[in-house]
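> Quick one: the structure is below, questions incoming.
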Amino acid sequence: MKVAILGTGNMAEALIAGVLAKKILRPAQIIGFDVSRKRLNFIRKKYRIAASHSAIEAVEKADTILLSVKPRQMKELLDQIRPALSRRHLILSIAAGLDTRFFEKNLGRQYKIIRLMPNTPALVGLGATAYFANRNCGTSDRKRTQTIFSAVGIAFEVKKESLLDAVTGLSGSGPAFVYRFAEALQKGGIKAGLPRHLSQELAVQTVLGAATLLAESGEEPDALVKKVASKGGTTEAGLKFLQRKKFERIVQQCVVAATQRARQLRQ
Ligand SMILES: NC(=O)c1ccc[n+]([C@@H]2O[C@H](COP(=O)([O-])OP(=O)(O)OC[C@H]3O[C@@H](n4cnc5c(N)ncnc54)[C@H](OP(=O)(O)O)[C@@H]3O)[C@@H](O)[C@H]2O)c1
């Protein structure tokens, strides 16, 4: 496998670091290109990957192409690489909101295209990615994608592309919702009398610890809630308040609102 990474920004760096650390790829199997020479040089030196002078040269040398530029930069990049593309290439895009139809419209319908929705915790190897493969992709293409993205967390295939809108609303945007919650915990701690730094440390560790316990115990969230809360106790007092204020419904509606926005942007 030889992977051309076009756009070596934040998400691309997370993937490069992940696949190298897990020894899924050797540095020589990655060829990067970025319009920012400074950024490309930094990544080339840090990870010892190959670098290319142009997007088209990187595509010619690779069998897998990762498109990791911002959505608004995509059209120009596709125009550049189109002459070098062939059916052997597997094209992976992580650009938010650009569906496989966009790529088929701009490149042609004959290519193997996989659209992915990763999230920023990929930067620390704890990402959640879902992807949709167009009809030209086979089992080996899916396997290759699964292997690359599993290097930075968990990865799932969805069989209907429209589901990626909901993935965007949940795991794509989700880290921001969790940060808001952590911030609220911290501010609540301050209001309750804690010094700022202590409140911050406690809030972060509580979110981290609770999420890790949830993931590792294999228990349902509600079962873990019941383990913390005892009758007439402090947790129950807080939970009752959340229930009165319809916390659960608000968070559910928040995911639905983000999903609707993802759908609007795609269309
Ligand atoms: N961050 C997230 O939560 C998240 C989650 C899921 C998906 N994504 C998607 O991931 C993609 C990359 O995001 P990012 O945060 O990594 O972006 P980023 O840090 O801005 O990286 C993009 C890089 O590509 C360069 N570039 C622009 N046009 C190019 C071209 N024609 N050829 C080669 N390189 C080019 C940019 O250079 P300049 O800076 O000079 O323009 C920049 O260095 C986006 O499409 C985003 O939607 C992000």
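> Helix 10-21: angle to the longest alpha-carbon principal axis of the chain, degrees 0 to 90, nearest 10?
It works out to around 80 degrees.
> Another question, if that's okay. Which angle between 0 and 90 degrees, to the nearest 10, do you get for helix 174-191 versus the longest principal axis of the chain when only C-alpha atoms count?
Between helix and principal axis, roughly 30 degrees.
> Amide H neighbours of residue 32 under 5 Å, at least 5 residues apart or on other chains, H built in the peptide plane: list them.
5, 50, 51, 52
> Moving to a separate point now. So if we plug the beta-carbon distance of residue 227 and residue 63 into 1/(1 + (r/R0)^6) with R0 = 51 Å, what FRET efficiency do we get, rounded to 0.05?
Numbers: r = 49 Å, r/R0 = 0.97.
Efficiency for this residue pair is about 0.55.
> Let me ask another. Specify the residue with the greatest mean-square fluctuation among 255, 228, 167, computed from a Gaussian network of the chain linking alpha-carbon atoms under 10 Å apart.
Highest fluctuation among the options: 228.
> Please arrange 171, 93 by counting, for each residue, the other beta carbons lying within 10 Å of its beta carbon, fewest first.
In order of increasing Cβ crowding within 10 Å: 171, 93.
> Report the net charge of residues surrounding residue 228, where surrounding means a beta-carbon distance below 13 angstrom and charges are Lys +1, Arg +1, Asp -1, Glu -1.
Spelling it out: positives minus negatives among the neighbours equals 0.
> Would you please give the residues with an amide H less than 5 Å from that of residue 153, counting only those at least 5 places away or on a separate chain, with H modeled from the backbone geometry?
127
> May I ask you to evaluate 6.51 cos²θ - 1.76 cosθ + 1.60, the Karplus curve with θ = phi - 60°, for each residue of the stretch 83-100 and list the ³J(HN,Hα) values in order in whole Hz, giving x for glycine and proline?
x, 9, 7, 9, 5, 6, 6, 9, 9, 10, 10, 10, 5, 5, x, 9, 7, 4
> Round to the nearest 10 and give me the degree value, 0 to 90, for the angle of helix 247-266's Cα axis relative to the longest principal axis of the chain.
20 degrees
> I would also like to ask the following. Count charges around residue 160 for me, please; just the other residues with Cβ under 14 Å from its Cβ, Lys/Arg as +1, Asp/Glu as -1.
+2
> Same structure again: Counting only other residues whose beta carbon sits under 13 Å from that of residue 169, what net charge do I get with K and R as +1, D and E as -1?
+2
> Kindly state, as a whole number, the per residue volume in cubic angstrom of the convex hull around the alpha carbon atoms of the stretch 113-207.
85 Å³
> To continue, here is another question. Separation between the residue 105 and residue 53 pseudo-spin-labels, each 7 Å from Cα along Cα→Cβ, expressed in nm?
3.5 nm
> Using Cα centres only, tell me the gap between the stretch 1-57 and the stretch 224-256 in whole Å.
45 Å
> Turning to a different aspect of this structure: Enumerate the calculated ³J(HN,Hα) couplings along the stretch 71-82 in order (Karplus 6.51 cos²θ - 1.76 cosθ + 1.60, θ = phi - 60°), each rounded to whole Hz, writing x wherever the residue is Gly or Pro.
Residue by residue, the stretch 71-82 yields x, 5, 9, 5, 4, 4, 5, 4, 4, 5, 8, 3 Hz.
> From largest to smallest, what semi-axes in whole angstrom does the stretch 60-147 give when each is the square root of 5 times an eigenvalue of its alpha carbon gyration tensor?
One finds semi-axes of 20, 16, 12 Å for the stretch 60-147.
> May I pose another question? For the stretch 174-266, compute the orientation-averaged projected area of the C-alpha convex hull (one quarter of its surface), in nm². Walk me through the numbers on the way to the answer.
Numbers: hull surface 30.4 nm².
Quarter of the Cα hull surface area: 7.6 nm².
> Quick one: give the max-minus-min coordinate of the C-alpha atoms of the stretch 3-159 along each principal axis, largest first, in Å.
37, 32, 26
> List 30, 94 from most exposed to least, where exposure is judged by having the fewest other Cβ atoms within 10 Å.
Ordered by Cβ neighbours within 10 Å, fewest first: 94, 30.
> Also, I was wondering about something else. Per q in 0.07, 0.08, 0.12, 0.15 1/Å, what log10 I(q)/I(0) does a Debye calculation on the alpha-carbon atoms of the chain return?
Computed log10 I(q)/I(0) values: -0.31, -0.40, -0.80, -1.10.
> Sticking with this structure for a sec: Of 68, 36, 173, which is the most mobile in a GNM of the chain whose springs link Cα atoms less than 10 angstrom apart?
36
> Something else about it: Going highest first, how would you order 209-222, 100-113, 51-64, 7-20 by mean Cβ packing within 10 Å?
Highest to lowest by the protection proxy: 7-20, 51-64, 100-113, 209-222.
> Mind putting together the pair-distance distribution for the stretch 113-165? All Cα pairs, 10 Å bins, whole percent per bin, short to long.
Cα pair-distance distribution for the stretch 113-165, in percent: 27, 54, 18, 0.
> Can you give me the Kirkwood hydrodynamic radius for the stretch 109-267, using every pair of distinct Cα atoms, in Å to one decimal?
The answer is 18.2 Å.
Each value in this text was obtained by applying a stated rule to the coordinates, not by laboratory testing. Keep in mind that what you see is a predicted model, and the values were worked out from it rather than measured. Reconstructed Cβ throughout: ideal geometry from the backbone, glycine too, with neighbour counts over all protein chains shown.
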